[in-house]
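The values are calculated or read from the model by the stated rules, or taken from the named source; none is laboratory data. Keep in mind the model is a prediction, meaning the values are calculated, not measured. Here the Cβ positions follow ideal geometry from the backbone for every residue, glycine too, while neighbour counts run over all protein chains shown.
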Amino acid sequence: MTDVLAAAYPWIKALHVMAVISWMAGLFYLPRLFVYHAERGQSGAEPAASLVIMEDKLLRLIMNPAMIVSWIAGLLLVLTPGIVDFSQLWPWTKAAGVLGMTWFHMWLAGQRRALLAGHGLAGRRYRMMNELPTLFMVVIVLSVIVKF
């Protein structure tokens, strides 16, 4: 198994990077849609109806699959011999960042349900929360590239 992972390493890494880019795009865009929904959406009328469709398709068709592929490819990279040294700090800080991004993804899914039920947050709050994926990205990229 480890020989297969080592041979497939560049392909798995490429898949991982593509999936993470797609996931991050959704993590940046969905809170922005929530801002528009909270500030301009009237329930059952335009623009709320269009925003609901956009939010659903972004989460269900792009973000969820991208997160799953990111996790699977990432775990395969971790299992590849010689890639991760768990005696160093960087794998742990990266893992914390990935868990934070996953929590944010799940929080967004919950907020989508809350908006549909008419219990969403104010647009300003969604604007503030929109900064979290950037913080997680900084931690993850610095962990992997700088290996701090």
Considering (1) part of a helix (DSSP H, G or I); (2) among the hydroxyl-bearing types (Ser, Thr, Tyr); (3) modelled with pLDDT under 95; (4) more than 24 Å from GLU131 (Cα to Cα), say which one TYR36 fails and leave the rest.
(4)
From the options SER70, SER43, residue that is at pLDDT below 95 and hydroxyl-bearing (Ser, Thr, Tyr)
SER43
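In a helix (DSSP H, G or I) and hydroxyl-bearing (Ser, Thr, Tyr) - does that describe any residue in region 120-129? Break it down into steps so the answer makes sense when it comes.
Keep residues of region 120-129 that are in a helix (DSSP H, G or I), which gives 123-129.
Narrowing the set further to residues that are hydroxyl-bearing (Ser, Thr, Tyr) leaves 126.
Yes, region 120-129 has at least one match.
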In region 128-148, the residues that are buried (at least 16 other Cβ atoms within 10 Å of the Cβ) and over 20 Å from LEU77 (Cα atoms):
MET129, ASN130, LEU132, PRO133
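Please tell me if ALA49 is modelled with pLDDT under 95, of a type in the set (A, V, I, L, M, F, W, C), buried (at least 16 other Cβ atoms within 10 Å of the Cβ) and under 18 Å from ALA114 (Cβ atoms). So that I can check it myself, show each step before the final result.
Values: modelled with pLDDT under 95: yes; of a type in the set (A, V, I, L, M, F, W, C): yes; buried (at least 16 other Cβ atoms within 10 Å of the Cβ): no; under 18 Å from ALA114 (Cβ atoms): yes.
The answer is no for ALA49.
Pick from region 83-113 the residues that are outside any helix (DSSP H, G or I) and in contact (Cβ under 8 Å) with a residue 12 or more places away in the chain: which of them is surrounded by the most Cβ atoms within 10 Å (Cβ to Cβ)? It would help to see each step written out before you state the result.
If we filter region 83-113 for residues that are outside any helix (DSSP H, G or I), which is where we start, we get 83-89.
Then drop every residue that is not in contact (Cβ under 8 Å) with a residue 12 or more places away in the chain, which leaves 83, 88-89.
Numbers: ILE83: 15, GLN88: 12, LEU89: 11.
The selected residue is ILE83.
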